[in-house]
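Notes to accompany the following structure.
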Amino acid sequence: INIQPGRNAQSRAGRYPIVVRVTSQASPDQSVEGRTILNVGAFSQFACEIRPSRLKSREVAQLRVSNQGNAKNVFQASFQDTADELRFEPPQIQMQIEPGQTVAADFKVSRKKARWLGGEQFNNFSAQVSCAEGAPQIIPAEFVNRALLPSWLLPILVVLCLLLASGAAVIYGN
């Protein structure tokens, strides 16, 4: 007899007592039964995502991990950006997730150094999620950073300064 539980989170890993009963087709009143233990092996499988995948300054994002395996598992996540310009709070996340469950953890992204003047700047980053078994998954995302003063403000300030200076020259020049 070959018993194959489905490879999904509902086929929980563990040892299960089973009874196998065989009944004769010719004489249905004759049957034999045997007791044994079915050992369902554990397997690891998971899916993850970052919401939103395009993150703005001071916005809280979520890393969502779904344990699609059939045993409780501990997942670790760390964040990286290629330019090393971003700060992640917290820098690492650890989640213990039951089979078939999804857990979300909040995190924030900010620049290490503030930008005073300019437009939007885009920084790519990723989260690497791993567990004890299986290959890690890398989830890409993007951080949109705005400078403290937008670039269009500088010409307006220059024009205002020139107008104030010329107005002062006209008033005090007479």
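Local charge for R21 was computed over the other residues whose Cβ lies under 12 Å away, with Lys and Arg +1 and Asp and Glu -1, and equals 0. Kindly state, to the nearest 0.05, the FRET efficiency for E59 paired with L160, given R0 = 22 Å and r defined as their beta-carbon distance. Efficiency, rounded to the nearest 0.05: 0.10.
Using the 1.4 Å probe convention, the accessible area of the chain works out to 68 Å² per residue with neighbouring protein chains retained.
How many percent of the accessible area of the chain is carbon or sulfur, using a 1.4 Å probe? Each step should come with its number before you reach the end.
Working: 6280 of 11840 Å².
Answer for the chain: carbon and sulfur cover 53 percent of the accessible area.
How much net charge surrounds V103 when only other residues with a Cβ under 14 Å from its Cβ are counted (Lys, Arg +1; Asp, Glu -1)? Once all neighbours under 14 Å are counted, the net charge is 0.
Loop sites by DSSP among the chymotrypsin sites (Phe, Trp or Tyr not before Pro) of the chain, restricted to those with at most 11 other Cβ atoms within 10 angstrom, leave 1-115 as the longest stretch without any of them.
Rg and Dmax of the chain, based on Cα coordinates, read 30.5, 125 Å. Solvent-accessible area of K108, all protein chains in place: 100 Å² (probe radius 1.4 Å, heavy atoms, ligands and nucleic acids excluded).
Taking S27, S130, S110 in turn, the Gaussian network model of the chain (Cα-Cα springs below 10 Å) assigns the largest fluctuation to S27. Charged neighbours of R58, selected by a Cβ distance under 12 Å, balance to +2 (K, R count +1; D, E count -1).
The values are calculated or read from the model by the stated rules, or taken from the named source; none is laboratory data. Everything numeric here is computed off the predicted structure, so don't read it as measured data. Here the Cβ is made from the backbone with ideal geometry for all residues, glycine too, and neighbour counts use every protein chain on show. Each accessible area value is taken on the protein alone, full model and side chains, heavy atoms only, with ligands, DNA and RNA left out. Shrake-Rupley method; radii C 1.70, N 1.55, O 1.52, S 1.80 Å.
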